[in-house]
Amino acid sequence: MSSDAQIELEIWEGPLSKRESLPEATTQGLREALSRLDGQRIDSVWIQIENVGSLCIGGGPSGFVVVSFPSDGSSSHVVTGDDKGATVELQVGGQTGVYSSAMVLPATSAFDIAERFLLSGAYDSSLRWIEDCPAE
C-alpha cells in the first residue's frame, strides 16, 4: 500500500461541498468510505497518491463512474463494454449528469479498481481508459 496515499470523501451541504479526510489510507477505510456513497449528499471518494495523481469514484448507491487524474494534468474514465447509446443519470461532484452506460460500473467493479489503485499506487493498465483531457 502506498504510504503517500490519502483518501477523502466529498460531502455536499446544499450547494457547498467539503472534503473529509480519512485518518489512514487503508483498504478497510476505503471500502467503508465507498459504501457511504449515496449519489446525493456523499457522491465521490478521492484517492490521492503523491507523484502519481488521483482516482475519483463517483455516484452511488449502485452505479459508479471511475475517473483518473494523473499528475500530468490529464484525465480519463473507465469503460466496460461498448457504448450502445444507453445512458444513466448519476450525481457526481454535486451535479447530476447523464453518462454512457458503458461508463457506469457496478459497485464491485468500481470498489475493486479503487482498492487496486490504493494498493499498487498505479492506474490499472488492464482497464479500458478513455481520455477526457490530454496531458498539459
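Can you compute the modelled spin-label distance between CYS133 and THR26, with each label point 7 Å from Cα toward Cβ, in nm?
3.4 nm
Can you give the net charge of the other residues whose Cβ lies under 12 Å from the Cβ of THR26, counting K and R as +1 and D and E as -1?
Residues close to THR26 contribute a combined charge of -2.
Over the chain, what is the relative contact order in percent, taking alpha-carbon pairs closer than 8 angstrom and at least six residues apart?
Working: 296 pairs, mean separation 32.9, N = 136.
Contact order relative to length: 24 percent.
Between the alpha-carbon centers of the range 65-88 and the range 93-119, tell me the distance in whole angstrom.
9 Å
Report ³J(HN,Hα) in whole Hz for each residue of the range 17-33, in order, from the Karplus equation J = 6.51 cos²θ - 1.76 cosθ + 1.60 where θ = phi - 60°; Gly and Pro get x.
10, 9, 10, 10, 7, 6, x, 9, 8, 10, 5, 5, x, 4, 4, 5, 5
What shape does the range 71-134 take by its C-alpha gyration tensor, where a ≥ b ≥ c are the square roots of the eigenvalues and a/c under 1.5 counts as rounded, a/b above b/c as prolate, and the rest as oblate? Walk me through the numbers before you get to the answer.
Numbers: a/c = 1.55, a/b = 1.41, b/c = 1.10.
Verdict is prolate for the range 71-134.
Test of understanding: what is the full-extension gain from ASP38 to ARG116, defined as 0.36 nm times their sequence separation minus their Cα-Cα distance?
Once the chain is fully extended between ASP38 and ARG116, it gains 25.9 nm.
Taking the Cα centre of the range 5-124 as the origin, how large is its charge dipole in debye, to the nearest 20, when only Lys and Arg (+1) and Asp and Glu (-1) carry charge on their Cβ atoms? Present the calculation step by step, with values, prior to reporting the outcome.
Working: 7 positive and 16 negative charges, 27 e Å.
Dipole magnitude for the range 5-124 comes out near 120 debye.
For the chain, what is the mean residue ellipticity at 222 nm derived from helices alone (per DSSP H run of n ≥ 4: -39500 (n - 2.57); sum divided by total residues; nearest 500 deg cm²/dmol)?
Details: 2 runs with 23 residues, N = 136.
Per the formula, -5000 deg cm²/dmol.
Give the shape of the range 5-124 as rounded, prolate or oblate, defined through the alpha-carbon gyration tensor: a ≥ b ≥ c are the square roots of its eigenvalues, a/c under 1.5 means rounded, and otherwise the shape is prolate if a/b is larger than b/c and oblate if not. Don't jump to the answer; show the numbers that get you there.
Numbers: a/c = 1.58, a/b = 1.17, b/c = 1.35.
Judged from the Cα gyration tensor, the range 5-124 comes out oblate (a/c at least 1.5, b/c at or above a/b).
Choose one of GLY63, GLY121, GLN48: the residue whose Cα lies farthest towards the positive end of the charge dipole of the range 5-124 (beta-carbon charges +1 Lys, Arg; -1 Asp, Glu; about the Cα centre).
Of GLY63, GLY121, GLN48, it is GLY63.
Taken together, the values in this text are just the output of simple stated rules run on the coordinates, not laboratory data. This is a predicted model, so every value here is computed, not measured. Here the Cβ is made from the backbone with ideal geometry for all residues, glycine too, and neighbour counts use every protein chain on show.
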